[in-house]
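Report on the structure given below.
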There are 2 protein chains.
Amino acid sequence: MSVSLGETADLRLKASHGLAISLRRGERLRIENLFGTQVVDTWLLAGDDPFEHSSMDHTRSVNSNIFLEKEMVVASSLRRPMARLVEDTSPGRHDTLLCPCNAAIYRELRCEGYHRSCTDNFHEALGAVGITLPFTPASLNLFMNVPVAADGSVERVAPASRPGDAVVLQAEMDVTVVLSACPQDVTPINGTERTPRDIGLAIRPARGAPL
Amino acid sequence: MSVSLGETADLRLKASHGLAISLRRGERLRIENLFGTQVVDTWLLAGDDPFEHSSMDHTRSVNSNIFLEKEMVVASSLRRPMARLVEDTSPGRHDTLLCPCNAAIYRELRCEGYHRSCTDNFHEALGAVGITLPFTPASLNLFMNVPVAADGSVERVAPASRPGDAVVLQAEMDVTVVLSACPQDVTPINGTERTPRDIGLAIRPARGAPL
């Protein structure tokens, strides 16, 4: 599914599925964690060149931080600001470190048959808007709770967000945003109930209607 | 410059330049920090498919750690082990977080004219062995000293390694290793003298000659 430029509709991102949304510079996307427990893997591609993609290694370098917090930017593979986190009612510290879930992880977790994944959702959502990429950029993992210890080790724990917590990303250039409501239902990364949930979305113009 | 499979030559990686080296599974590459101060940006590509590349987000996920330490693996974009850090005489904790240096960084640092970069070295070294990739994977930054504070902020400080410290990567599949002796001479990431240096290399077969 794709969403046209400039719409103001409120949308749902279906549990375990992906979606590509076009935003013009200045437009804002509100991503609401309806149940508080759902991780949203997020990517941005430049509107005029999908090979310029959100890059977590550049984002950490630009922000000099391993988390994404309010007022920080998501930087592109060319070190340009693609979006800014302008609002965040969650406890924050969204993960930039871990890969999107993928077929190999579900095989390791002994899932039988096909299991949806954020990696597949990324390519499926892009395919729906006619974009093919031969690689999967690292994802920005909104609401994902990955504490880092002093020895560098990481944990994967349930989101600290509450139902209704939301972030707002403001486009700093024309972009395609790709979202995946993470299908992970084996580990507690999407909450101890291990149940993928829908996410609420709202697109608002650059100026005018309040979010 | 490329190096053929199975050679045992001792080599130099020239300061500020890149190099692609083919290794067969089991072969080992020793990377010696001759002066102690030099960062080496490192990538691996699968020997039979350069689109399967070393992935720092998968590597952190597989190791559950943000640093690369002895006995940890470098994982591919398909979550396969590409190489293992089998020896490390340095203080360790090699950086997996920050992007390879690139043209945009040197513009920010007000360098005039062309400045060599690890990103350009990656593509230049691959071009020399007939490989073109339309993107730049995140790099493994050997010897790079990037402490992470509890608030997630990162620092960029001089390497803690000493002259002669070395790491040994053992290929876990047939791979092309791409190395860049980082050309950064503005910040102290390559030491407070801000002078890029040569790196010593040695390739050894899977069994037999000691490193």
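Side notes on the structure shown:
- Of A:82, A:72, the order by accessible heavy-atom surface (1.4 Å probe, DNA, RNA and ligands excluded), from most exposed downward, is A:72, A:82.
- Close amide-amide hydrogen proximity is noted between residue B:19 and B:179, each under 5 Å apart and 5 or more residues distant or on a separate chain (H modeled in the peptide plane; Pro and chain starts excluded).
- The protein assembly as shown, accessible area per residue, ligands and nucleic acids excluded (1.4 Å, Å²): 39 Å²
- Calculated P(r) tail over 23 Å for chain A, as whole % of Cα pairs: 39 percent
- Taking θ as phi - 60° and the Karplus parameters 6.51, -1.76 and 1.60, the scalar couplings of segment A:32-48 work out to 10, 7, 4, 9, x, 10, 9, 7, 10, 6, 9, 9, 10, 10, 4, x, 9 Hz in sequence order, x denoting glycine and proline.
- Interface residues, segment A:75-102 - accessible area loss of 50 Å² or more versus chain alone, probe 1.4 Å: A:79, A:97, A:99
- Percentage, to the nearest whole number, of Cα pairs in segment B:24-103 over 21 Å apart: 29 percent
- Rounded to the nearest whole Hz, the Karplus-based 3J(HN,Hα) values (6.51 cos²θ - 1.76 cosθ + 1.60, θ = phi - 60°) of segment A:129-137 follow the sequence 10, x, 10, 10, 10, x, 7, 10, x, with x at glycine and proline.
- For chain A, calculated [θ]222 nm from helices alone, where every DSSP H run of n ≥ 4 adds -39500 (n - 2.57): -3000 deg cm²/dmol
- For the rotational copies B and A, the chain B residue with its Cβ nearest the relating axis, together with that separation in Å, is B:135, 3.
- Using the Karplus relation 6.51 cos²θ - 1.76 cosθ + 1.60 with θ = phi - 60°, the per-residue 3J(HN,Hα) values for segment A:171-180 come to 5, 9, 7, 5, 9, 9, 9, 10, 10, 9 Hz, with x marking Gly and Pro.
- Once the Cα atoms are used to define both axes, helix A:118-128 deviates from the longest principal axis of chain A by about 30 degrees.
- For segment B:146-211, a simple Cβ point-charge model (Lys and Arg +1, Asp and Glu -1, everything else neutral) yields a dipole of about 220 debye relative to the Cα centre.
- A cut-off under 9 angstrom between Cβ atoms defines the neighbours of residue B:141, and their net charge, with Lys, Arg +1 and Asp, Glu -1, is -2.
- For segment A:139-156, residues shielded by at least 10 square angstrom of accessible area compared with the chain on its own, probe 1.4 Å: A:148, A:150, A:151, A:152, A:153, A:154, A:156
- Heavy atoms of chains B and A lose about 2500 Å² of accessible surface on contact, summed over both sides with a 1.4 Å probe.
- Less than 5 angstrom separates the built amide H of residue A:72 from those of A:85, all sequence-distant by 5 or more or on a different chain.
- Of A:159, A:196, A:50, the one that fluctuates the most in a GNM where chain A has Cα springs shorter than 10 Å: A:50
- Distances in nm from residue B:155 to the matching label points in the other copies, shortest first (labels 7 Å along Cα to Cβ): 2.6
- Hull shadow area, averaged, the protein assembly as shown [alpha-carbon convex hull, nm²]: 19.7 nm²
- Largest GNM mean-square fluctuation among A:69, A:27, A:155, using chain A with Cα springs under 10 Å: A:155.
- Label distances, nm, residue A:130 versus same residue in remaining copies, Cβ-directed 7 Å point: 3.6
- By definition, a body whose alpha carbon gyration tensor gives a ≥ b ≥ c is oblate when a/c is 1.5 or more and a/b is not larger than b/c, and segment B:84-192 fits this oblate description.
- Taken along its principal axes, the alpha carbon cloud of segment B:157-211 reaches lengths of 40, 22, 17 Å, longest axis first.
- What you get for the protein assembly as shown, charging only the Cβ of Lys and Arg (+1) and of Asp and Glu (-1), is a dipole of about 140 debye around the Cα centre.
- Anisotropy class of segment B:55-143 from Cα gyration tensor, a/c 1.5 cut: prolate
- A Förster radius of 22 Å, combined with the Cβ-Cβ distance separating residue A:198 from residue A:162, puts the computed FRET efficiency at roughly 0.85.
- Share of carbon and sulfur in the accessible area of chain A stands at 48%, probe radius 1.4 Å.
The values are calculated or read from the model by the stated rules, or taken from the named source; none is laboratory data. Note that the structure is predicted; figures quoted are calculated from it, not measured. Reconstructed Cβ throughout: ideal geometry from the backbone, glycine too, with neighbour counts over all protein chains shown. Accessible surface areas use protein heavy atoms only, side chains included; no ligands, DNA or RNA. Shrake-Rupley method; radii C 1.70, N 1.55, O 1.52, S 1.80 Å.
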